[in-house]
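Here the structure is laid out as structure tokens; the discussion comes afterwards.
The values are calculated or read from the model by the stated rules, or taken from the named source; none is laboratory data. Model, not experiment: these values are computed from the prediction. Positions of Cβ are backbone-derived with ideal geometry, glycine not excepted, and every protein chain shown enters the neighbour counts. Calculation scope for accessible area: heavy atoms of the full protein, side chains included, ligands and nucleic acids excluded. Shrake-Rupley method; radii C 1.70, N 1.55, O 1.52, S 1.80 Å.
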Amino acid sequence: MIDVLTEHWSEFSSGWWVTVQIIAGSFGIAMVVGTFVAAFRIAPNKWLQRLGGLYVEVFRNIPLLVLLFISFAGLRRAGVDIGPWVAGIASLGLYTAAYVAEALRSGVFSVGKGQIEASLSLGFSYAETLRRIVLPQAFRTVIAPLGSLTIAMIKNSAIVGVSLLALPDLLKQARVVSARTFQTDETFFWAAVGYIILTGAATLIFRALEKRFAIAR
Amino acid sequence: MSYLFSPDNWEWLWTGNNARFILEGFLINLEIAVISIIFALIFGLVLALLRLSVLKPVSFLAGAWVDVFRNLPLIFLILYFALGLPQSWKQAWEDAMPSWAPEAFQSGLVLGAFMGLILYNSAVLAEIMRAGILSLPKGQGEAASALGMTRRQALRYVILPQGLRRMVPATVSQLITLNKDTTLVSIIAITEVMRRGRIVTSSGFFGDVTAPILQVFIFIGFLFVVVNYLLSRLSRRLEIRERKITGTKLKRVGGLEDQVAADPV
């Protein structure tokens, strides 16, 4: 069982590392874009709200695979070649950003209206209220959903690698090894271990964050 | 932009049978999603009940099973079952499939796709159902046993009817995710909408009009957005209705993209 792993260690480790890089890049994009979209959705301007809403509905309801086809093969045929790395990370990041935006928005709404009114009547400005009262509390409630989204994103990174983009991630390397050795069960077992390590690590990190920022009751 | 909206690049949509060909492919995706969700609901309920079993080893094993399948990428499971299932199983599937079934279902690889989709989604739904059952106030189960019901009767007549009703909105939103995930079966060469899109883009399939990849897949994406948007509206409406009836707050189930489950207040 272990010999498949040791003999093909270079494939497994390089694939795992590519997966980690895809995840890290997409996570960054998802957080930044998600924050902006969430800001749009709670902005006082009605058109900005609609724009944010349109983004969320489109990117949440479209299959990731379709996004990958559009961003890589589609754009390349149109004369815009952004390469597999950019296309893969951007697709996964923008897709996850729609979910992040929804999580952040519901976090902001979870802060009671009375808090904001109290803060304003104490003489805080709107910006100060947001920064000192709303966001610190919203952050706490948002940690758990963000953890779920990160785990879903880790799992979705396999779609990026396995679709037409030539990114040699963990799953793609597992296919290569299984085609070479014919030991499908063993190869996929070790790839599964690789994914469980990633999702398990994300679970532990977000659980620790949740504990660290939990409200003492 | 001019490339995107140029009428020449959209001409394929009105030419020949292109649009119909893609729509038929999309229908296959919906069929796969519906079949998978039905089986996933059945297996999910079994898994949820096993996990809530009073026998410790049974509940531990069911929990481990659910956690493993929930934490693996779906595409990983589909690929594994497509590659790893014994040839004889695939052959048996091909022999058993009646000739009137859609062409995409004739391939033995579909069995692998269904196994991946059902195992993954049953694990996800099991977790949703467990949250729903646990969200019931403890008094419900206690009252049932005080009335002299056995545990089985309490489940059958008191707990499940209430717990599962709370799960309807979450199940509909899982159907949205599943609907998107059906595109993954194109990776193992099943001719659903993604494959059909590729076929349409390969030059000269219907007439001499070229169908650019960008426009074809934007059209396919549009189909998914429309259907899934309607489903999400339905889910939202069911959620609000449920909240009005039961007065429960909603809580997110971990490890999922956008699942909510009822939470005891």
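Some notes on this structure:
- Filtering B:93, B:89 for residues that are open to solvent by less than 70 Å² (accessible area, probe 1.4 Å), over 23 Å from residue A:155 (Cβ atoms) and either out of contact with any strand residue (DSSP E or B) (no Cβ under 9 Å at 6 or more places or on another chain) or part of a helix (DSSP H, G or I) (or both) leaves a single hit, B:93.
Residue-by-condition table, conditions (1) touching a residue at least 24 places away in the same chain (Cβ under 8 Å); (2) assigned to a loop (DSSP other than H, G, I, E, B); (3) open to solvent by 40 Å² or more (accessible area, probe 1.4 Å):
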| site | (1), (2), (3) |
| --- | --- |
| A:140 | yes, no, yes |
| A:147 | yes, no, no |
| A:158 | yes, no, no |
| A:185 | no, no, yes |
| A:198 | yes, no, no |
| A:211 | no, no, yes |
| A:214 | yes, yes, yes |
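- Members of region A:19-32 found to be crowded, with 21+ Cβ neighbours inside 10 Å and either touching a Cys at 6+ places or on another chain (Cβ under 6 Å) or aliphatic (A, V, I, L, M) (or both), listed by number: A:22, A:23, A:30
- The one condition from (1) open to solvent by 50 Å² or more (accessible area, probe 1.4 Å); (2) out of contact with any Ser or Thr (no Cβ under 7 Å at 6 or more places or on another chain) that residue B:83 does not meet is (2).
- Residue among B:154, B:131, B:143 that is more than 12 Å from every other protein chain (Cβ to nearest Cβ), more than 17 Å from residue A:70 (Cβ to Cβ), assigned to a helix (DSSP H, G or I) and at pLDDT below 85: B:131
- When the criteria are applied in full, residue A:51 meets the requirement of being open to solvent by 20 Å² or more (accessible area, probe 1.4 Å), more than 12 Å from every other protein chain (Cβ to nearest Cβ) and either under 19 Å from the mean Cα position of the chain (by Cα) or at pLDDT 90 or above (or both).
- Of the listed requirements (1) among the aromatic types (Phe, Trp, Tyr); (2) more than 18 Å from the chain's Cα centre (by Cα); (3) within 14 Å of chain A (Cβ to nearest Cβ), residue B:93 misses just one: (3).
- Every residue from region A:65-102 that is hydrophobic (A, V, I, L, M, F, W, C), closer than 22 Å to residue B:186 by Cα, open to solvent by 10 Å² or more (accessible area, probe 1.4 Å) and within 12 Å of chain B (Cβ to nearest Cβ): A:67, A:69, A:70, A:72, A:75
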